[in-house]
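All remarks here apply to the structure that follows.
The values are calculated or read from the model by the stated rules, or taken from the named source; none is laboratory data. Nothing here was measured: the structure is a model prediction, and the numbers come from that model. Methodologically, a virtual Cβ is constructed for each residue, glycine included, from the backbone with ideal geometry; neighbour enumeration extends over all protein chains shown.
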Amino acid sequence: MAEVSKEEVPVKEEKQTLKESIGKAVEAQEAKEAEKKEEKKEPEKKAQEPSEQEKKADEEMTLQGRQLMQALRDPERAQVVIKYLAEHAGYTKVETKKEAEEVKDEVTETLKEALGE
């Protein structure tokens, strides 16, 4: 039979090679984790910075809010604005005392039914 020669590697070299391999593996893993952290940070930055279109929309909403508040502070315009908002929310103005009593009775009856009395 042919003899197979086994080359003996000194223990010191084996330990050094193993340390180097582990060190390289750890460095590679840390690099991957750092890349993932950077990828996570980028969307957060983008979410914080509004686009030009969003800025314009915010400015327009701010302007409209100020106009609404000015209208509500003006006694003449406030009644019209409140009436408009109420009608679009489904509320109507009661014209007579009889209608007011009917509405009151309906509300009272609804509450009694809901509360179980």
Filter pass, LYS12 being at pLDDT below 70, exposed (fewer than 10 other Cβ atoms within 10 Å of the Cβ), in a helix (DSSP H, G or I) and out of contact with any helix residue (DSSP H, G or I) (no Cβ under 9 Å at 6 or more places or on another chain): yes
Selected residue [at pLDDT below 75 and within 41 Å of the chain's Cα centre (by Cα)] from ALA47, ALA31: ALA47
Flag for GLY23 being on the phi > 0 side of the Ramachandran plot, of a type in the set (Gly, Ala, Ser), over 30 Å from the mean Cα position of the chain (by Cα) and at pLDDT below 85: no
Residue that is modelled with the highest pLDDT [pool: residues in region 65-117 that are surrounded by 11 or more Cβ atoms within 10 Å (Cβ to Cβ) and basic (Lys, Arg)]: ARG77
